[in-house]
Amino acid sequence: MKNKNLIISLMILGIIALLVFGALLYQNHKKYDGSTLESRELLLDKTFNKSGERQWSIATETKINDYIVSGAYSTDNKSSLAVFKPVGNNKYKLITSTKRNNDEIILSSIMINNHFYDLIWFNGAQTEYAEIMYTINGKSQEPVRYNTSEMNIIYTENHEKDYTIHAAFYDKSGNKYE
């Protein structure tokens, strides 16, 4: 009888330990599922910062065909454009990122659903607008002006193969950042 009670007690403790372990495993997995802004920040920390401490904060985000593009900054004066791909059930996976110093404009490109997009973001200073200039097949195009007072990410779909892109940001005093 005593052995039977001991076996039942050990089985109950084993089941409780398995449930606790499963709950902890689920919480840790959910922590990095990309479903929330905080979980995307944790994914950036996991990717860029091997020390384990929190460094990255997301300043702005935009969606392009269900992909999330995040503009983030770190405690060590870096900025990043990170692209998160939907993987179902409102979860996202980090698929690419571009990291620069805060005082540098980030120019990047990504293919989303067979469409190329140019991504542009500047976190170095509060600006009022940006001018984006394309040179296509050696021919300069007219600059396109974007309002940047909200520090939003600029993205444009691009159909060209032979082109260059240049971005200049301007603050309210007319100072130019290139």
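Here is a yes/no grid of residues against (1) in contact (Cβ under 8 Å) with a residue 60 or more places away in the chain; (2) under 27 Å from THR36 (Cβ atoms); (3) surrounded by 15 or more Cβ atoms within 10 Å (Cβ to Cβ):
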position	(1), (2), (3)
GLY71	yes, yes, yes
LYS78	no, yes, yes
LEU94	yes, yes, yes
ASN114	no, no, no
GLY138	no, no, no
VAL144	no, no, no
If I filter the range 80-92 down to residues being open to solvent by 40 Å² or more (accessible area, probe 1.4 Å) and in contact with a Lys or Arg (Cβ under 7 Å, 6 or more places away or on another chain), which single residue comes out as nearest to SER57 (Cα to Cα)? LYS85
Could we say that GLU131 is of a type in the set (Asp, Glu), open to solvent by 80 Å² or more (accessible area, probe 1.4 Å) and at pLDDT 95 or above here? no
Candidate set: the range 50-69, residues that are farther than 18 Å from PHE116 by Cα, assigned to a strand (DSSP E or B) and not charged (D, E, K, R); chosen: the one most open to solvent (accessible area, probe 1.4 Å): ALA59
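Those residues that are aliphatic (A, V, I, L, M) and either in contact (Cβ under 8 Å) with a residue 40 or more places away in the chain or in contact with a helix residue (DSSP H, G or I) (Cβ under 7 Å, 6 or more places away or on another chain) (or both), I need them from the range 146-167; list them, please.
Answer for the range 146-167, where residues must be aliphatic (A, V, I, L, M) and either in contact (Cβ under 8 Å) with a residue 40 or more places away in the chain or in contact with a helix residue (DSSP H, G or I) (Cβ under 7 Å, 6 or more places away or on another chain) (or both): MET151, ILE153, ILE165, ALA167.
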Going through (1) surrounded by 10 or more Cβ atoms within 10 Å (Cβ to Cβ); (2) modelled with pLDDT of 55 or more; (3) in a helix (DSSP H, G or I); (4) out of contact with any Phe, Trp or Tyr (no Cβ under 7 Å at 6 or more places or on another chain) one by one, ALA23 fails only at (2)
The residue that is least open to solvent (accessible area, probe 1.4 Å), considering only those in the range 99-112 that are assigned to a strand (DSSP E or B) and either polar (S, T, N, Q) or within 11 Å of ALA167 (Cα to Cα) (or both), is ILE106
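Yes/no per residue for (1) farther than 27 Å from LEU43 by Cβ; (2) of a type in the set (Phe, Trp, Tyr):
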residue: ASP103; (1), (2): no, no
residue: TYR129; (1), (2): yes, yes
residue: THR135; (1), (2): yes, no
residue: GLU160; (1), (2): yes, no
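The values are calculated or read from the model by the stated rules, or taken from the named source; none is laboratory data. What you are looking at is a predicted structure, and each value in this text was computed from that prediction instead of being measured. Backbone-built Cβ (ideal geometry, glycine too); neighbour counts: all protein chains shown. The accessibility values were calculated without ligands, DNA or RNA, using every heavy atom of the protein model including side chains. Shrake-Rupley method; radii C 1.70, N 1.55, O 1.52, S 1.80 Å.
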